[in-house]
Amino acid sequence: MYVQEIKEAVNRGETVHWASRAYIVKRAGQSETYYVVCIQNGSAIGLTHRDGVTLGGSPVQYFRAGDEDAQTLAEVYSIAVFPGNRLY
């Protein structure tokens with residue numbers, strides 16, 4: 001998912017995850033600020049870099065709740081790009 005898709009889904013009330021179901025994209029009130037929040041400890045980072053365009057991860061890492069195929073792809077991707085990991 002790309003930035004605009006993520007924001008639109010969150011604005012519609014859909015749950016969007018990053019990398020795993022432990023992270024949820026949330027909107028800060030009625031502002032145009034979005035965060036990725038860890039549901040396990042409450043820590044948060046901005047959805048994008050300061051430029052407001054560049055995601056804080058790959059678009060493949062973002063998925064809607066209930067999309068099992070996208071979730072699997074996001075988790076495999078996250079493992080594959082972690083330093084020191086190789087899937088081949």
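The values are calculated or read from the model by the stated rules, or taken from the named source; none is laboratory data. The model shown is predicted, which means the values in this text are computed figures rather than measured ones. All Cβ positions, glycine included, derive from the backbone under ideal geometry; neighbour counts span all protein chains shown.
Which ones in segment 27-53 are within 22 Å of residue 77 (Cα to Cα) and touching a helix residue (DSSP H, G or I) at 6+ places or on another chain (Cβ under 9 Å)? Selection gives 47, 48, 53.
Restricting attention to segment 58-76, which residues are closer than 19 Å to residue 8 by Cβ and at pLDDT below 90? Those that are closer than 19 Å to residue 8 by Cβ and at pLDDT below 90: 70, 74.
In the set 14, 68, 8, only one residue is out of contact with any Asp or Glu (no Cβ under 6 Å at 6 or more places or on another chain) and in contact (Cβ under 8 Å) with a residue 24 or more places away in the chain; that residue is 14.
Out of the strands (runs of 3 or more DSSP E) lying entirely within segment 29-75, which hold 1 or more residues that are β-branched (Val, Ile, Thr)?
Details: elements: 34-38, 44-46, 62-64.
The qualifying strands (runs of 3 or more DSSP E) are 34-38, 44-46.
Of all the criteria given as (1) over 17 Å from residue 1 (Cβ atoms); (2) out of contact with any Leu (no Cβ under 7 Å at 6 or more places or on another chain), the one not satisfied by residue 54 is (1).
From 19, 65, grab the single residue that is buried (at least 17 other Cβ atoms within 10 Å of the Cβ) and small (Gly, Ala, Ser). Explain how you work it out, then say what you get.
On the way: 65 fails: buried (at least 17 other Cβ atoms within 10 Å of the Cβ).
Among 19, 65, only 19 is buried (at least 17 other Cβ atoms within 10 Å of the Cβ) and small (Gly, Ala, Ser).
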